[in-house]
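Peer 1: Once you've had a glance at the structure underneath, I'll fire off some questions.
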Amino acid sequence: MANLSGGQIIADYLIREKVPYFVGIPGHGVLALLDAFRQRQKEIKVLGVRHEQSAVHLADGYYRVTGKPLACFSSVGPGAINTLVGIGTSFMDSIPVVLFTANCPTYMNERGAMQEIERNHWADFPDMIRPVVKRTWNVTSVEQLCRVLPTAFRLATSGRPGPVHIDLPMDVQAQMMDVQVPEPAGHKAAEQVSPDSADTQKAAELLLSAKRPLILAGGGAIYSGSTPELIELAEVVGAPVVTSFGGKSAVPEDHPLASYFCGFMGSSCGNQLTQTADVILAIGCRFSEWTCSSYKPGITFNIPPTKVIQVDIDPREIAKNYPVEVGLVGHAKPTLRQLIDLARKAGRGDYRDSEYFREIRRLKTEWENTIAGWQKCEPGTITTAAFLKELRGFLDRDAIVTGDAGHNQAQLYQAFPIYGPGTFVSSGAFSTMGYAVPSAIGAQLGAPGRQVAAVVGDGGFLMTCQELATAVQYDIPIVVCISNNFAWCSIRDMQRAWYGEDGMFLTEFVDNSGKLVSPDFKLLGESFGCHGERVTSVEQMRPALERAYGSGKPAVIEILTDRTYPRSELPVTGWADYPTPDYLREKS
């Protein structure tokens, strides 16, 4: 037993959980909490970011690279509210983060305390965050912490992972009590859950009976650590592996059976194979709208008649969007191992001798040739596709790339080869602008010896560009590559495609005279203390990368990319449902 404050209990427990970083922004609401961490700073490092949203994105990026959760904190009121975009991003992609937000002292509830949200219910922030966390706790006494903390970490990291929230009144942070801080090991859930063996047998028989089997890998295939099993099963069965956006990096893209991506932003290869598969084994994939081309039959999927075996840790996702022949609730890794063992007993031949594999190779080559054509550009110019080709050619195989939203995200998905899990880090379900830079900082903290590049558009960069100060302060040598097209370019191009050329509105950065306007991002980076570069042609890209990474410090590379439609994007191979007014059809 020890006489500890609420803040000291939290610091002690996080150290026992081996959490290396506690990330947030100081404020009057966390004075007692931070003082507890000041006393333990040799055992856990506290990082100060420049916006609370970025604290959560940093933790998110760290987890995607390491598989280990971080804890974040904020002060009361606006500081807590600023975390919501980050927490929503992590929730939608099933990324565990443990968030502590301050609240006013319990004895001040409903009295108009500084920054309290109390018009409908006192200390009401938990109601705001509830839809985007697995669980929220409103701790009202220090004795509750020893029960809440192990439960919070267990819930965040077990089952379908996700963020959790602990609301922490200022008096609870300071209150002292004789307590025994719990050991995390005594409060953990079972690591792996397997489905019923009879259901797995049925799934194996269906998969082995298929003439055109296909494996669809989602984000769950990555976070379960199932890449080796995924590859082994694909080779045993002779099935191409197509990924959703969240599943990119589940298999190395130079593997013979890696067949790229499906959906609205997918590949022609991936969409053709998913259209024509007779059995699809979906691993940790929720069949989201963009993965399924807004569920329009025949574009990405034909379900039915295609039969589906769906593996997911969350039973809510089974058959949510398509009927299944077999639904397997369990962790991907042991489920795949069971399927491999059953498939090996069937004694399948070498997939490389099959007509199906020859078709897969042909479709892959066609897509690769398509992308190669889009990566070409005139001397003295550079497109986003050409910049990404140069970036991939420069980076090490195990380099980590973080993506933002918009064209850069779509083109990373379609045309940037990834060779291992945890090397492609991007917000999937929320497609959050401003994600790339802070998540790159988290990724670099998680992999300090590897190259990390943040790929972001000019619009997304301006949402969290202040985190360059964080990178400089803590000497975190990320390289930020800004594709500057002077626009919300992906939305501009949607307006043009769906509403016509005169439908482009509010999406270009122009002044009253029609002149394009933009900050000088090279100078902006340098003003933070970063190395700065500006690239205007494809010939300049590699030397700029060499200088940026050679600087040994945070760097900003501004790339003035071709903004003309359609060179600003890559071909759309799927379909998206964007409702349009009847008058557009009448006009056409």
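Peer 1: Kindly indicate whether Glu390 is in contact with a helix residue (DSSP H, G or I) (Cβ under 9 Å, 6 or more places away or on another chain) and free of Cβ contacts under 8 Å to residues at least 40 places away in the same chain.
Peer 2: The answer is no for Glu390.
Yes/no matrix, rows are residues, columns are (1) closer than 13 Å to Val65 by Cα; (2) without any contact (Cβ under 8 Å) to a residue 40 or more places away in the chain; (3) of a type in the set (Asp, Glu):
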{"residue": "Asp396", "(1), (2), (3)": "no, no, yes"}
{"residue": "Gly403", "(1), (2), (3)": "no, no, no"}
{"residue": "His407", "(1), (2), (3)": "no, no, no"}
{"residue": "Pro448", "(1), (2), (3)": "yes, yes, no"}
{"residue": "Met463", "(1), (2), (3)": "no, yes, no"}
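Peer 1: Considering region 517-543 alone, what residues qualify as being farther than 24 Å from Gln473 by Cβ and assigned to a helix (DSSP H, G or I)?
Peer 2: Correct list: Val538, Glu539, Gln540, Met541, Arg542, Pro543.
Peer 1: Residues in region 218-231: is at least one closer than 19 Å to Lys307 by Cβ, touching a strand residue (DSSP E or B) at 6+ places or on another chain (Cβ under 7 Å) and surrounded by 15 or more Cβ atoms within 10 Å (Cβ to Cβ)? Before you say what the answer is, go through the steps one by one.
Peer 2: So in region 218-231, the residues closer than 19 Å to Lys307 by Cβ come out as 218.
If we keep only those that are touching a strand residue (DSSP E or B) at 6+ places or on another chain (Cβ under 7 Å) as well, we get 218.
Keeping just the survivors that are surrounded by 15 or more Cβ atoms within 10 Å (Cβ to Cβ) gives 218.
Looking for residues that are closer than 19 Å to Lys307 by Cβ, touching a strand residue (DSSP E or B) at 6+ places or on another chain (Cβ under 7 Å) and surrounded by 15 or more Cβ atoms within 10 Å (Cβ to Cβ), one finds at least one in region 218-231, hence yes.
Peer 1: Looking for whichever is over 17 Å from Leu545 (Cβ atoms) and out of contact with any helix residue (DSSP H, G or I) (no Cβ under 7 Å at 6 or more places or on another chain) here; the options are Trp488, Trp498. Which one fits?
Peer 2: Within the list Trp488, Trp498, the selection yields Trp498.
Peer 1: Pairs under 7 Å by beta carbon, first residue without any contact (Cβ under 8 Å) to a residue 24 or more places away in the chain in region 1-21, partner surrounded by 21 or more Cβ atoms within 10 Å (Cβ to Cβ) and among the hydroxyl-bearing types (Ser, Thr, Tyr), six or more apart or different chains?
Peer 2: Going by the 7 Å Cβ cut-off, there are no qualifying pairs.
Peer 1: Residues of region 239-261 being surrounded by 21 or more Cβ atoms within 10 Å (Cβ to Cβ), more than 20 Å from the chain's Cα centre (by Cα) and over 21 Å from Ile303 (Cα atoms), which ones?
Peer 2: Leu257, Ala258
Peer 1: If I ask for residues that are touching a Gly at 6+ places or on another chain (Cβ under 7 Å) and assigned to a loop (DSSP other than H, G, I, E, B), which ones from region 266-303 would you list?
Peer 2: Once the filter is applied, which keeps residues that are touching a Gly at 6+ places or on another chain (Cβ under 7 Å) and assigned to a loop (DSSP other than H, G, I, E, B), region 266-303 yields Gly266, Gly284, Cys285, Arg286, Trp290, Thr291, Cys292, Ile299, Thr300.
Peer 1: Report whether or not Phe394 is farther than 16 Å from Gly61 by Cβ, at pLDDT 95 or above, surrounded by fewer than 24 Cβ atoms within 10 Å (Cβ to Cβ) and within 18 Å of the chain's Cα centre (by Cα).
Peer 2: Working: farther than 16 Å from Gly61 by Cβ: yes; at pLDDT 95 or above: yes; surrounded by fewer than 24 Cβ atoms within 10 Å (Cβ to Cβ): yes; within 18 Å of the chain's Cα centre (by Cα): no.
Spelling it out, it is not the case that Phe394 is farther than 16 Å from Gly61 by Cβ, at pLDDT 95 or above, surrounded by fewer than 24 Cβ atoms within 10 Å (Cβ to Cβ) and within 18 Å of the chain's Cα centre (by Cα).
Peer 1: Scanning region 1-59 for residues that are of a type in the set (Lys, Arg) and assigned to a loop (DSSP other than H, G, I, E, B), which turns out nearest to Gly434 (Cα to Cα)?
Peer 2: Step one: filter region 1-59 for residues of a type in the set (Lys, Arg), giving 16, 18, 38, 40, 42, 45, 50.
Within this subset, residues satisfying the condition of being assigned to a loop (DSSP other than H, G, I, E, B) are 18, 40, 42, 50.
Details: Lys18: 28, Arg40: 32, Lys42: 31, Arg50: 13 Å.
Result: Arg50.
Peer 1: Look at region 182-223 and say how many of its residues are modelled with pLDDT under 95, of a type outside the set (D, E, K, R) and assigned to a loop (DSSP other than H, G, I, E, B).
Peer 2: 7
Peer 1: Might you let me know whether region 164-173 holds any residue that is exposed (fewer than 13 other Cβ atoms within 10 Å of the Cβ) and not in a helix (DSSP H, G or I)? Write out each step before concluding.
Peer 2: Initial filter on region 164-173 (exposed (fewer than 13 other Cβ atoms within 10 Å of the Cβ)): none.
Checked against the condition, which is being exposed (fewer than 13 other Cβ atoms within 10 Å of the Cβ) and not in a helix (DSSP H, G or I), region 164-173 yields no hits at all.
Peer 1: So which of Glu569, Glu539 ends up being crowded, with 20+ Cβ neighbours inside 10 Å, touching a residue at least 12 places away in the same chain (Cβ under 8 Å) and either assigned by TED's automatic domain parsing to the domain that holds Gly48 or under 21 Å from Leu388 (Cβ atoms) (or both)? Even if it seems obvious, please write down each step before you answer.
Peer 2: On the way: Glu539 fails: crowded, with 20+ Cβ neighbours inside 10 Å.
Step by step, each of Glu569, Glu539 is checked, and only Glu569 is crowded, with 20+ Cβ neighbours inside 10 Å, touching a residue at least 12 places away in the same chain (Cβ under 8 Å) and either assigned by TED's automatic domain parsing to the domain that holds Gly48 or under 21 Å from Leu388 (Cβ atoms) (or both).
Peer 1: Just need a number here: residues in region 22-52 that are among the polar types (S, T, N, Q) and in contact (Cβ under 8 Å) with a residue 24 or more places away in the chain. Reasoning before the result, please.
Peer 2: Of all residues in region 22-52, those among the polar types (S, T, N, Q) come to 39, 41.
If we keep only those that are in contact (Cβ under 8 Å) with a residue 24 or more places away in the chain too, we end up with 39.
Residues flagged as among the polar types (S, T, N, Q) and in contact (Cβ under 8 Å) with a residue 24 or more places away in the chain within region 22-52 amount to 1.
Peer 1: Another one. Answer yes or no as to whether Thr580 is surrounded by 15 or more Cβ atoms within 10 Å (Cβ to Cβ), of a type in the set (S, T, N, Q) and part of a loop (DSSP other than H, G, I, E, B). Outline the logic, then answer.
Peer 2: On the way: surrounded by 15 or more Cβ atoms within 10 Å (Cβ to Cβ): no; of a type in the set (S, T, N, Q): yes; part of a loop (DSSP other than H, G, I, E, B): yes.
Taking the combined requirement at face value, the residue does not satisfy it.
Peer 1: Restricted to region 27-55, and to residues that are under 18 Å from Asp171 (Cα atoms) and in contact with a Ser or Thr (Cβ under 7 Å, 6 or more places away or on another chain), which residue is surrounded by the fewest Cβ atoms within 10 Å (Cβ to Cβ)?
Peer 2: His28
Peer 1: Does region 128-136 contain at least one residue that is farther than 20 Å from Ala332 by Cβ, modelled with pLDDT of 95 or more and in a strand (DSSP E or B)?
Peer 2: Within region 128-136 (the criterion being farther than 20 Å from Ala332 by Cβ, modelled with pLDDT of 95 or more and in a strand (DSSP E or B)), the answer is yes, since at least one residue qualifies.
Peer 1: Would you check which residues across region 409-445 are crowded, with 24+ Cβ neighbours inside 10 Å, over 14 Å from the mean Cα position of the chain (by Cα) and either over 19 Å from Asp93 (Cβ atoms) or of a type outside the set (Val, Ile, Thr) (or both) and list them?
Peer 2: Within region 409-445, Gln411, Gln414, Gln444, Leu445 meet the criteria.
Peer 1: Of the residues that make up region 473-484, is at least one crowded, with 23+ Cβ neighbours inside 10 Å, in the same structural domain as Ile400 (by TED's automatic domain parsing) and not in a strand (DSSP E or B)?
Peer 2: Looking through region 473-484, at least one residue is crowded, with 23+ Cβ neighbours inside 10 Å, in the same structural domain as Ile400 (by TED's automatic domain parsing) and not in a strand (DSSP E or B).
Residue-by-condition table, conditions (1) in the same structural domain as Arg450 (by TED's automatic domain parsing); (2) in contact with a Pro (Cβ under 7 Å, 6 or more places away or on another chain):
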site	(1), (2)
Arg496	yes, no
Thr507	yes, no
Val517	yes, no
Cys530	yes, yes
Arg547	yes, no
Val556	yes, no
Ala576	no, no
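The values are calculated or read from the model by the stated rules, or taken from the named source; none is laboratory data. Note that this is a predicted model, so its numbers are computed, not measured. Using ideal geometry, Cβ is built from the backbone for each residue, glycine included, and neighbour counts are taken over all protein chains shown.
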